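Undergrad: The structure follows.
Every number in this text was worked out from the coordinates using simple rules, so none of it is lab data. Owing to the predicted nature of the structure, the values given are computational and were not obtained by experimental measurement. Cβ coordinates were reconstructed from backbone atoms using ideal geometry, including for glycine residues, and neighbour counts include every protein chain displayed.
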4 protein chains.
Amino acid sequence: MANSKYEYVRSFEQPDNLLPNTFIVVRLDGRGFTKLTAKYNFEKPNDRRALDLMNEAAVAVMRDLPDLVLAYGQSDEFSFVFYKDCTLFERRASKLVTTIVSTFTANYVFGWAQHFPDTPLTAPLPSFDGRAVCYPSPTNLRDYLSWRQADCHINNLYNTTFWALVLKGGLDNRVAEKELSGTVSADKNEILFKRFGINYNNEPEIFKKGSVLYRDGRPVQMSKTQQEKERKKRGKAKIVVEHVDLIGDSFWERRPWILSGRAG
Amino acid sequence: MANSKYEYVRSFEQPDNLLPNTFIVVRLDGRGFTKLTAKYNFEKPNDRRALDLMNEAAVAVMRDLPDLVLAYGQSDEFSFVFYKDCTLFERRASKLVTTIVSTFTANYVFGWAQHFPDTPLTAPLPSFDGRAVCYPSPTNLRDYLSWRQADCHINNLYNTTFWALVLKGGLDNRVAEKELSGTVSADKNEILFKRFGINYNNEPEIFKKGSVLYRDGRPVQMSKTQQEKERKKRGKAKIVVEHVDLIGDSFWERRPWILSGRAG
Amino acid sequence: MANSKYEYVRSFEQPDNLLPNTFIVVRLDGRGFTKLTAKYNFEKPNDRRALDLMNEAAVAVMRDLPDLVLAYGQSDEFSFVFYKDCTLFERRASKLVTTIVSTFTANYVFGWAQHFPDTPLTAPLPSFDGRAVCYPSPTNLRDYLSWRQADCHINNLYNTTFWALVLKGGLDNRVAEKELSGTVSADKNEILFKRFGINYNNEPEIFKKGSVLYRDGRPVQMSKTQQEKERKKRGKAKIVVEHVDLIGDSFWERRPWILSGRAG
Amino acid sequence: MANSKYEYVRSFEQPDNLLPNTFIVVRLDGRGFTKLTAKYNFEKPNDRRALDLMNEAAVAVMRDLPDLVLAYGQSDEFSFVFYKDCTLFERRASKLVTTIVSTFTANYVFGWAQHFPDTPLTAPLPSFDGRAVCYPSPTNLRDYLSWRQADCHINNLYNTTFWALVLKGGLDNRVAEKELSGTVSADKNEILFKRFGINYNNEPEIFKKGSVLYRDGRPVQMSKTQQEKERKKRGKAKIVVEHVDLIGDSFWERRPWILSGRAG
């Protein structure tokens, strides 16, 4: 081969296989989305169209990668969870992360026009970065997801109150910010209710809880030879999008196969 | 904070900062592009529209990331080279790779309709995976790029001959494959010339050499305080797309700042 | 500082912290011990003095590092297991591995004269290499230790039979090797019993099972503030050396705190 | 094999091969040597016996590993430099580091009695930890060594002055510390000269510069087949211990093969 004398450069590639028998979580985040939400006039505090587009892109990722068992999204971020015994791409971090980020981005850009028919995309286009993290135990994984969902709640309560003060209360951004400085949850709930008649509990679940994606139907126990078949079947299973609590036990007790770490 | 008891999960994130003072190369590859080229009827052996779209997406990546000094693309792959002293994202591998892959994908999907007006995209959408590799010396970096460009040449000569045998010679795919088995470059050149009157040397440079992207104009030496300004200026510099030889010395001798590893 | 302009070189150090909440196993192996056993005339198939010296060095390592919960040794290798929640040296791999290997080596060399009074050490001195591996689950850890103990058994049965054939049967090394080629355990047991009157079951446990080291006494549940005290106390606890089975459940059921992953 | 069902645990070992074409530096440091110097009554500010023992252990390491091109030691630390094109142990970090640390420790403990005949070792024994760092360019490597040698100078000037104040000036440790707080080099030189008649320049080079170890004689250019022979020859070459300046150009200009990165 004419290029054989250059092939030694392959030896500079360093392996990045992730530790076996751990849950791999890939989280992606929108790059510069503060600017982007301003550019395309996203509704405040939440733009339902944008969340639907995020979810649509995430569903496409789960459809593409049957080894994913769960995904959780809020705001401009999404976390994807692989089965604990997943061996996709020999668990190479860069391959797993880029495949998810690229598939997500492709679907986000492709789906934009349908969700934002009046504000076509212009350069620079939306993009996402991502990373992979391993969690050894079911508790670690649940704590990770609780962390993201608690974050969703805290931010959403803040944002809902902030934008009520600004949009309905007529306050200047800085004044609203100052007013909220040092308040706890109860204070914000009271501001919403007393000043604006908003009962935070009645806010849409998608805003308060974010979105949980998983496959419909319990996988069955099966032999090695059945697994590839099952993998394909899983790829075709309906993907459910719900806005449910992940912090308590209920979700997990009903779907024990998620934490069991077995793909089938 | 309500989520503080979960925050320990951040300690599971493992750093992936790449070794300083080395050239970082991020290469991305189309996922399942054999299927994709069939699905959208790409012309054989090369589809100029597809290559133009690849280059357009790569130009957008270089515009987005002024720390990139060079890019090289062929077929469904693209390699992006960062300055040796680049400190973008603290040189975190996953951040660098996903930013490039996501930006590239966004522009590829967004630009599709213009380059393929008659074959609109349908699911599953095109996507790319990627990885980062460090090269310590200018020689290593040049050998990497020579490896990719030699690969381009070898594949293109093969494909040009193969598709001439099939499309012009009327051979069955397998028969053509068999005929080419064991042949060297000279044999293929002869087949092309004697049977089909094709002088391989006259084939388009973009097919034979691939595409080289770099910024127009030599960066000037500057002080620390000037560097951020320069970085912005660099972001605005025109990006040149050429189909030139990277294996010989000429390209490099004319642009010594590329291998010098200094961003400004 | 006069050396401040050079200090940037510290940025080239790359972090190697091991994933939290996993069992860290550090295994060390004798370097070139085949040569060494010949040089110092180790007894065949096992030299009790050498094994006692290995165990003595391992006890010193466990005394030095209270975060170690278990150690297993056989032949010229030793595996050390850290508590799952261990945070010693921020779990930096190189620090953990070199500390163990250095402490082990120091004690091996220091203790040599007492165990081998007639064959003093000469250059090159005995040395060991080592590596760290993470095991996420108790099952993975037990399987690792079962792997080493099964390896001990297999090698010891082979060596016992081989050296019986050579030393008692008068066979040439190669002839003995050939005779054992393709035999299973039952065959070797039969050779030992029929030809040499050796009942393998009656061989010393230290040869058949290797050596298991752990601290005497069950650690008690305690508060955060008690933990440092406990760590010191642990450091003073007597270290037990036993030659017991690790493959079955019995050892583990009696000492549940080992797999619980809690240091205290 | 009886242990085959456990062998999957090997897949948990993660590769740690270091980037090719970079200088690998392994630095080891004494563990808890402040305590140790007190325990064995090391002379202040420098104990020549201890430094000689360090150098002896380092010579043994260089003899054991012909791929080492240079070593630099001061106080209780030693840095070992591998040729840039070294492929020993496939450049696995843990293997390289533990081999050096173990060999060094073995020789330190073994040689103790000769250098400290009046103070025999007792538990806990001296031990060392270590780590590997890659330096891509000759400049980076030289800056690393300059950093260590400048550190040696700064510490030695401080310590020489401090112990003069304490041992000759009769000051209390704290008073001496306070007196030196905020002083620059010129101040310390003056204290030494005016109060104690000590000209720092006349202090022994081993204290001021540390110790540089390298092989005697320039390696010759050779063919692939000669390299293994040469490697052995190198192993037998005399190792020189000098106390010379590494910060200036002179040392390097006379021995260009060190930075050339070629083992032979």
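Undergrad: Evaluate the distance, in nm, between pseudo-label points positioned 7 Å from the Cα of residue C:139 and of residue D:174 along their respective Cα→Cβ axes.
TA: For the pair residue C:139/residue D:174, the computed spacing is 6.0 nm.
Undergrad: What residue among B:140, B:199, B:107 has the largest mean-square fluctuation in a Gaussian network model of chain B, using Cα springs under 10 Å?
TA: Residue with maximal mean-square fluctuation among B:140, B:199, B:107: B:199.
Undergrad: With springs connecting C-alpha atoms under 10 Å apart, model chain C as a Gaussian network and identify which of C:109, C:26, C:241 has the largest mean-square fluctuation.
TA: Evaluated over chain C, the most mobile residue of the options is C:109.
Undergrad: Now a separate question. With r defined as the distance between the Cβ atoms of residue B:159 and residue A:7 and R0 fixed at 22 Å, what FRET efficiency is calculated, to the nearest 0.05?
TA: The pair residue B:159/residue A:7 has a calculated efficiency of 0.60.
Undergrad: Report the relative contact order of the stretch B:1-136, percent, no decimals, based on alpha-carbon pairs under 8 angstrom and at least 6 residues apart.
TA: This gives 41 percent for the stretch B:1-136.
Undergrad: Inter-copy label distances at residue D:113, 7 Å along the Cα→beta-carbon direction, one decimal in nm, shortest first?
TA: Its label point is 0.2, 8.6, 8.6 nm from the equivalent points in the other copies.
Undergrad: Only Cα pairs within less than 10 Å get springs; with that Gaussian network setup on chain B, which residue of B:187, B:245, B:67 has the largest fluctuation?
TA: Sorting by GNM fluctuation, first place goes to B:187.
Undergrad: Could you pull the Cα extents of the stretch A:1-145 along its three principal axes, largest to smallest, in whole Å?
TA: 52, 49, 24
Undergrad: Where the label is 7 Å out from Cα toward Cβ, how close does residue A:249 come to the same position in every other copy, in nm, shortest first?
TA: Nearest first, the other copies' label points are 2.4, 7.4, 7.5 nm away.
Undergrad: Follow-up. Whole-Å semi-axes of the stretch C:32-80's equivalent ellipsoid, largest first, each the root of 5 times a Cα gyration tensor eigenvalue?
TA: Three semi-axes, in Å: 24, 9, 9.
Undergrad: If the limit is 22 Å between Cα atoms, which of A:39/A:188; C:168/C:208; A:5/D:236; A:95/C:95; D:39/D:208; C:44/C:188 go over it?
TA: With Cα atoms farther than 22 Å apart: A:39/A:188; A:5/D:236; A:95/C:95; D:39/D:208.
Undergrad: Put the label 7 Å from Cα along Cα→Cβ for residue A:154; what are its distances to the other copies, in nanometres, shortest first?
TA: For residue A:154, the inter-copy label distances come out at 3.9, 5.1, 5.4 nm.
Undergrad: Tell me the Rg and the Dmax, in Å, that the Cα atoms of chain A produce.
TA: 21.2, 77
Undergrad: Could you list, bin by bin from short to long, the percent of Cα-Cα pairs of the stretch A:41-110 in 5 Å steps?
TA: Percent of Cα pairs in each bin: 3, 16, 27, 23, 15, 8, 5, 2, 0.
Undergrad: Find the Rg to Rh ratio for the protein assembly as shown, where Rh is the Kirkwood radius over alpha-carbon pairs and Rg uses the same atoms.
TA: 0.99
Undergrad: Right, another one. When Cβ neighbours within 10 Å are restricted to other protein chains, what is their mean count per residue of peptide D:91-97?
TA: Partner Cβ neighbours, averaged per residue: 5.
Undergrad: Using Cα centres only, tell me the gap between the stretch A:20-88 and the stretch B:47-73 in whole Å.
TA: Measuring centre to centre over Cα atoms gives 26 Å.
Undergrad: Along the Cα→Cβ direction, 7 angstrom out, place labels at residue B:122 and residue B:253. What is the inter-label distance in nm?
TA: In this crude label model, residue B:122 to residue B:253 measures out at 5.5 nm.
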